[in-house]
Amino acid sequence: MKPVWIKHAKELATISGENGPRKGKDMSNLSIIEDGSVWIEDGKIAAVGTTEELEKQYASRANEADIVDATGRLVTPGLVDPHTHIVYGGSREKEFEMRLEGATYMDIMNAGGGIHATSRMTREATEDELVEQASRRLDSFAKHGVTTVEGKSGYGLDLETELKQLRAAKRLNEQHALEIVPTFMGAHAVPREYKGNEDAFVDLVIDEMLPVVAEEKLAAFNDVFCEKDVFTPEQSERILEAGKKHGLTPKIHADEIASYGGAELAAKVGAISAEHLLKASDQGIEDMAKAGVIACLLPATALFLREEAAKGRQMIDSGMAVAISTDCNPGSSPTTSMPLVMNLACISMRMTPAEALVAATINAASAIKVEDRAGSLEVGKQGDVVMWDIGSYQELQYLFGVNHVDKVWKKGQLIVG
């Protein structure tokens, strides 16, 4: 593979300096280099600096490289999406119309739709079909500047299908240009056959699912939907603590529909991140800030469900690290556009343009423990880079609802453009 030399970027937003999540006021620091330049070799970043600096360093090797003129362009790290449900079967566009006619998320779910509908279609799909469908979604993510995604199971709700989803994600990670970080979420909903006997399903997740997932090394994280009428805080704690015994780091879907103690539980169990948090209490936000839990906020989901967005501004001002994500899923956020999510983070959660970009790069990477190789442009990290057809990070958030991606590199290989 030839080296890649991206030079003369109007703004090179390196987001360098801290190999971990940025909190509070530090989320405004993009470490921008004007007339910036990046040299990528053997899939990794070998040098970052001004074009003048790299021209001195690599003048004798310029003829070896693919030279990319980024004059007038913004260059950033590849975006990271830390919360997706990318592997699933079927589609649920009819529910969109139902919701517009007045049905709530829980109305649809309790009527056999929602997660239960996708569970049925995912159980019916073959592993090959799941790989094919998810691969198309990954292609779309790449076109929107994303180079790494987290992918959850959770549409099986039985051992066989949960394993099928995770095995599909493993194949995708091996076959597709994008990196997929797997999360086990067997506790995404209570199957209809366990209604009224929820503790028995919790036992199934703990005693039968988790051991196999861990033995086959199919996931890095263990997630649970802690929500009223889904899993109680007590049940969620049991599942997350059991996952920790198998080496799986806890994540938690918390306080999306009602304030239910999920944020507080995230702090208690030492979760790497808590997701959604639309209804998180002030106490929960304070607890997460003290415990160092990353808030993974999903403004596109709030928009799609016509709910008020999470308190992103309050969380940042409290000293928290905030990440953002598409929540790509068939029911409540069928999008692969991280640029749109950044726009919404500014519009609906009062985050600044700089904070939104940090939330979609180094903080998102930290929420899935890939900050050692992704999320910033620093020597030694993967050559995951996006060149945008605009000149500044402010334009990226100001010109909303538009995909400004020009070129995308993953590990130094051009995958878009």
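Axis of helix 159-175 versus longest Cα principal axis of the chain: the two differ by about 10°, to the nearest ten degrees.
Which angle between 0 and 90 degrees, to the nearest 10, do you get for helix 338-349 versus the longest principal axis of the chain when only C-alpha atoms count? Approximately 70 degrees, to the nearest ten. Distance between the C-alpha centres of segment 111-186 and segment 19-82: 32 Å, rounded to the whole angstrom. Only the Cβ atoms of Lys and Arg (+1) and of Asp and Glu (-1) were treated as charged; on that basis the dipole of segment 265-308 about its Cα centre amounts to roughly 100 debye.
Between the helical axis of 233-245 and the longest alpha-carbon principal axis of the chain there is an angle of about 60 degrees.
What does the charge count near D223 come to, summing +1 for each Lys or Arg and -1 for each Asp or Glu among other residues with Cβ under 13 Å from its Cβ? If you can, show how the numbers build up before the last one.
Working: positive: K152, K244, K251; negative: E150, E162, E227, E256, E275, D327.
Around D223, the surrounding residues sum to -3.
The H on the amide N of K251, modeled in the peptide plane, is under 5 Å from the matching H of N222, D223, V224, each at least 5 residues off or on a different chain. In this structure the amide hydrogen of L297, modeled in the peptide plane, comes within under 5 Å of the amide hydrogens of A323, I324, S325, none closer than 5 places in sequence on its chain. Close amide-amide hydrogen proximity is noted between K381 and I45, each under 5 Å apart and 5 or more residues distant or on a separate chain (H modeled in the peptide plane; Pro and chain starts excluded).
For segment 7-103, the number of Lys pairs separated by eight or more positions or lying on different chains, with C-alpha atoms closer than 30 Å, is 10.
In order along segment 282-295, the Karplus-derived 3J(HN,Hα) couplings, from 6.51 cos²θ - 1.76 cosθ + 1.60 at θ = phi - 60°, round to 4, 5, x, 4, 4, 5, 5, 4, 5, 7, x, 6, 7, 7 Hz, and Gly and Pro are given as x.
Heavy-atom accessible area, probed at 1.4 angstrom with all protein chains present, ranks I415, I316 as I415, I316, highest first. Using a cutoff of 8 angstrom between alpha carbon atoms and counting only pairs six or more residues apart, the relative contact order for the chain works out to 22 percent.
Applying the Karplus relation 6.51 cos²θ - 1.76 cosθ + 1.60 with θ = phi - 60° to segment 205-210 yields 3J(HN,Hα) values of 4, 6, 8, 10, 7, 4 Hz, where x marks Gly and Pro. Where only DSSP H runs of four or more residues are counted, the chain gives -10500 deg cm²/dmol as its mean residue ellipticity at 222 nm, each run worth -39500 (n - 2.57).
The C-alpha radius of gyration of segment 261-409, expressed as a fraction of 2.2 N^0.38 Å, stands at 1.03. In order along segment 225-232, phi translates into HN-Hα couplings of 8, 7, 7, 4, 6, 10, 10, 6 Hz, rounded to whole numbers, per the Karplus curve 6.51 cos²θ - 1.76 cosθ + 1.60 with θ = phi - 60° and x for Gly and Pro.
Filter the cross-link list K381/K411; K244/K311; K245/K290 down to pairs whose alpha-carbon distance in this structure exceeds 18 Å. Numbers along the way, then the final one.
Working: K381/K411 9 Å; K244/K311 29 Å; K245/K290 24 Å.
Flagged as over cut-off: K244/K311; K245/K290.
Among the GluC sites (Glu not before Pro) in segment 286-362, those located in a DSSP loop and surrounded by at most 13 other Cβ atoms within 10 Å of their own Cβ are E308.
The packing ranking of peptides 359-372, 3-16, highest mean first, is 359-372, 3-16, where packing means the average number of other beta carbon atoms within 10 angstrom of each residue. Working from Cα pairs under 8 Å separated by at least six residues, relative contact order for segment 368-417 is 33 percent. When peptides 80-89, 256-265 are ranked by their average number of other Cβ atoms within 10 Å per residue, the highest-first order is 80-89, 256-265.
The values are calculated or read from the model by the stated rules, or taken from the named source; none is laboratory data. Remember, it's a predicted structure, so these values are computed and weren't measured experimentally. Counting neighbours? That spans all protein chains shown, and the Cβs are built from the backbone with ideal geometry, glycine included. Surface areas here come from the heavy atoms of the whole protein model, side chains and all, with no ligands, DNA or RNA. Shrake-Rupley method; radii C 1.70, N 1.55, O 1.52, S 1.80 Å.
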